[in-house]
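> Sending over a structure as structure tokens; questions will come in a sec.
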Amino acid sequence: MPYFLLYYKNDEDLATVRRFDERDEAYAELTSGTIGKPPEDELVLFITDSEETLRRTHPRYFYSEIEMAQQAAERILSRFEIPITQAD
């Protein structure tokens, strides 16, 4: 299963993701990546099947609060088969 190293710059609200197929390479990059980073930034290593899954399970790194609320509303409304309309 692939490894995904996520670097999140809190001051810019920006996430970058790098994929690794080798565990040792991913851990080495994680270890070296923590050196010199501002303490408010986040460096997190995930093991998951795809970047799409990572984005779905950890949306706070990739989407604004409004986008997350819209996605949640769409999921809830789709369960009840309520049509989704956009406000003008």
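> To the nearest 20 Debye, how big is the dipole of the chain about its Cα centre, given +1 on the beta carbon of each Lys and Arg and -1 on that of each Asp and Glu? Before the final figure, lay out the partial values.
On the way: 10 positive and 19 negative charges, 47 e Å.
Here the size comes out at about 220 debye.
> Given a Förster distance of 35 Å, report the FRET efficiency between residue 77 and residue 19 from their Cβ-Cβ distance, rounded to the nearest 0.05.
Working: r = 33 Å, r/R0 = 0.94.
Between residue 77 and residue 19 the formula returns 0.60.
> Express the carbon and sulfur contribution to the solvent-accessible surface of the chain as a percent, rounded to the nearest whole number, probe 1.4 angstrom.
Values: 3340 of 6620 Å².
Answer for the chain: carbon and sulfur cover 50 percent of the accessible area.
> Put a dot 7 Å past each Cα toward the Cβ at residue 63 and residue 12; how far apart are the dots in nm?
With each label point 7 Å from Cα toward Cβ, the separation is 2.3 nm.
> Related question: Please report the relative contact order for the chain, taking Cα pairs under 8 Å with a sequence separation of at least 6, and give it as a percent rounded to a whole number. Write down the numbers at each step before the final one.
Working: 94 pairs, mean separation 26.1, N = 88.
It comes to 30 percent, rounded to a whole number.
> Okay, moving on. Can you give me the angle between helix 23-33 and the longest principal axis of the chain, using Cα atoms only, in degrees from 0 to 90, rounded to the nearest 10?
Roughly 90 degrees between the two axes.
> Rounded to the nearest 500, what is the chain's calculated 222 nm mean residue ellipticity when only DSSP H runs of at least 4 contribute -39500 (n - 2.57) each, over all residues? Before the final figure, lay out the partial values.
Working: 3 runs with 33 residues, N = 88.
Calculated mean residue ellipticity at 222 nm is -11500 deg cm²/dmol.
> Just to confirm a number: summing +1 for Lys and Arg and -1 for Asp and Glu over residues other than residue 67 whose beta-carbon lies under 15 angstrom from that of residue 67, what do you get?
On the way: positive: 55, 56, 60, 75; negative: 13, 65, 74.
Every neighbour counted, the sum reads +1.
> What does the accessible area per residue of the chain come to in Å², with a 1.4 Å probe and no ligands, DNA or RNA counted? Working shown, then result.
Details: 6620 Å² over 88 residues.
I get 75 Å² per residue for this part.
The values are calculated or read from the model by the stated rules, or taken from the named source; none is laboratory data. Treat the numbers as computed from the prediction; the structure is a model and nothing was measured. Cβ atoms come from the backbone with ideal geometry, glycine included; neighbour counts cover every protein chain shown. SASA here: full protein model, heavy atoms, side chains in, ligands and nucleic acids out. Shrake-Rupley method; radii C 1.70, N 1.55, O 1.52, S 1.80 Å.
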